[in-house]
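Comments concern the structure below.
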Amino acid sequence: MKYLLLIHSNPITWGHPSFLNTEEGKRLPKKARDALAAQLNNLLNEIDASGELINAVPLDPPAKTRVVRVREGIRATTDGPYSEAKEQLAGVFLIDVRSPERAEEIAATIPEAEFVAVEVRPVSVFD
């Protein structure tokens, strides 16, 4: 069973590199960020070794996002993420696991689950 784990986060709290030179970008101390990064690396190594990880992709900060809409054949592009919220999609894992419970177990060990949310979504198969 394939699942997409959508990792939601607040780039300011995490101290994303695009915010590190600001006061807001230092809310989470470096020691804490390093511990969370180590936790994430351990998880990635574990699910890669078990064969459950298909891919993991971090996303650039929301400030680099563009949204494209087509209405009546006319394309309109705007800056910024689709939703206007402090929490944004920070990255995704594509996993292949034996059960929904295992997908939830993996999601619960992603560091962002402690602060914001990790969405667990089954991947549909086109026939």
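Okay, here's what the table says:
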| read-out | value |
| --- | --- |
| Residue that is farthest from A90 (Cα to Cα) [pool: residues in region 38-59 that are surrounded by fewer than 16 Cβ atoms within 10 Å (Cβ to Cβ) and touching a residue at least 12 places away in the same chain (Cβ under 8 Å)] | G51 |
| Which listed residue, of A117, A113, A90, is under 16 Å from L4 (Cβ atoms), without any contact (Cβ under 8 Å) to a residue 12 or more places away in the chain and surrounded by 12 or more Cβ atoms within 10 Å (Cβ to Cβ) | A113 |
| Set R102, R98: member being part of a loop (DSSP other than H, G, I, E, B), at pLDDT 95 or above, of a type in the set (D, E, K, R) and under 15 Å from M1 (Cα atoms) | R98 |
| Set K64, K86: member being modelled with pLDDT under 80 and of a type in the set (D, E, K, R) | K86 |
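The values are calculated or read from the model by the stated rules, or taken from the named source; none is laboratory data. Everything numeric in this text was worked out from a predicted model, so none of it was measured. Glycine also receives a Cβ, built like all others from the backbone with ideal geometry; neighbour counts cover every protein chain displayed.
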